[in-house]
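The values are calculated or read from the model by the stated rules, or taken from the named source; none is laboratory data. The structure presented is a predicted model; accordingly, all values stated were derived computationally and were not measured. Every residue, glycine as well, gets a Cβ built from its backbone with ideal geometry; the counts of neighbours run over all protein chains shown. With ligands, DNA and RNA removed, areas are computed over all heavy atoms of the protein, side chains included. Shrake-Rupley method; radii C 1.70, N 1.55, O 1.52, S 1.80 Å.
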Amino acid sequence: MKLFLLLLCLFFFFFFSSGVVAGDRKMGSHRSSSRSTFNVKSFGARANGRSDDSKAFLNAWAAACGSDGSTKLIVPKGTYLVGLMKFRGPCKNGYLKAVEDLSRYGSSDNWIEFREINRLTITGGGTLDGQGAAAWPYNKCPKNFHCKVLPTSVKFVRMTHTVVRGLTSLNSKFFHFAVLQCVNFRAIGIRISAPKDSPNTDGIHIERSSGVTISQATIGTGDDCISIGQGNSHITIHGITCGPGHGISVGSLGRYPNEGDVKGLVVKDCTLTGTANGLRIKTWANSPGASSARNMTFEDIVMNNVANPIIIDQTYCPYASCSSTTPSRVRLSDIKFKNVRGTSSTPVAVSLDCSPGVPCRNVHLNDVHLDFSGGSPAKSACDNIHASYSGTQIPPPCA
Ligand SMILES: *[C@@H]1O[C@H](CO)[C@@H](O)[C@H](O)[C@H]1NC(C)=O
């Protein structure tokens, strides 16, 4: 069995530092003081895309991992053929810091990328510090549709059978983790932290993947704790603690033509606290494509003072410039909310705002109990939907 890791045009740095994390803007430039450098090429990596470089990677990793002080593992530009890779910890001082200077990332929109590896396992803990505070002022995405995105801390691309266990991500410049075109991906016990007001710092973004399980994660960040984008199937999210953040979101869907469908999503046993949304499905108004999202179940969810605990929004358009005259063409169907309890910080606890072009079909709510923490009774709002209901319903269903 041949396994591939292709690091194409990649030049990334791992910084291990047991010292202070904060603001050394010149990291990696002239300060060679106590930093040891481990270059995979010095460990025998050939980077010709044909001979197996696994041993060199693992030896370089082991040396960097076992070294005291500030450590840098360098993977120079090139194509590396590697086999079964387990970057195993615990490292002596597993603290990875991202370079702050954005020009060092060139046109790359990620810091660390794992691509096309079969059976990669990352264990042993460790912390990835994206040092995002210096980059956030350069993020134009909240205002500009055609923004250049900042680097995502860790991107997994076209991976198969991946396990990531116990990793911590702090203050990413953009997303903390992105899982793209992966098959059979499991993340267990991940911790994510960034300030509540940090822009586009989604915790885990999943797109065009199938067979993804995210469990026992603790996520507090400035955007969605978990976002499930287009083209995903068989996604299971359970045991997540979310907040602050924008909640657990499906979408936004329908921004681009030719998006894939979302199907087979289960979100279970999650607790959301103080988030700007709870369980959200959002699709763009004016969507160019006609994709669908179906067979999605949200169950056993606790909401603590969450704004918009249950929300379907098919008129999503965060920019002043987009015209929302054409309804969303993304079809939503077969959606269940079961046993969703707790408090809403806004009076409308359940908002089901579907597209007038393609009304939502087969949406069922079972045992929903959400009280408005402001005192007056919580309310429901609905548009272009005939939902069905069973069990407890607080707020009462739309008339
Ligand atoms: C719905 O999704 C679940 C979870 O992925 C899956 O087990 C089930 O087979 C799907 N049902 C249909 C009708 O596709």
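Going by accessible surface with a 1.4 Å probe and the largest first, Asp129, Asp261 read Asp261, Asp129. Residue separation of Tyr138 and Lys379 scaled by 0.36 nm, minus their Cα-Cα distance, works out to 82.9 nm of gained length.
Summing Lys and Arg as +1 and Asp and Glu as -1 over all other residues whose Cβ lies under 15 Å from the Cβ of Val358 gives a net charge of -1. For Ser36 and Thr213, a Förster radius of 45 Å and the Cβ-Cβ distance give a FRET efficiency of 0.75, rounded to the nearest 0.05.
Here r is the Cβ-Cβ distance between Thr325 and Thr392 and R0 is 51 Å; the resulting FRET efficiency, rounded to 0.05, is 0.85. Our note on the geometry: Cα centres of region 163-208 and region 233-262, 12 Å apart.
What relative contact order, as a whole-number percentage, does region 160-238 give when Cα pairs under 8 Å and 6 or more residues apart are counted?
Relative contact order comes out at 31 percent.
At an R0 of 22 angstrom, the distance between the Cβ atoms of Ala62 and Val163 translates into a FRET efficiency of 0.70.
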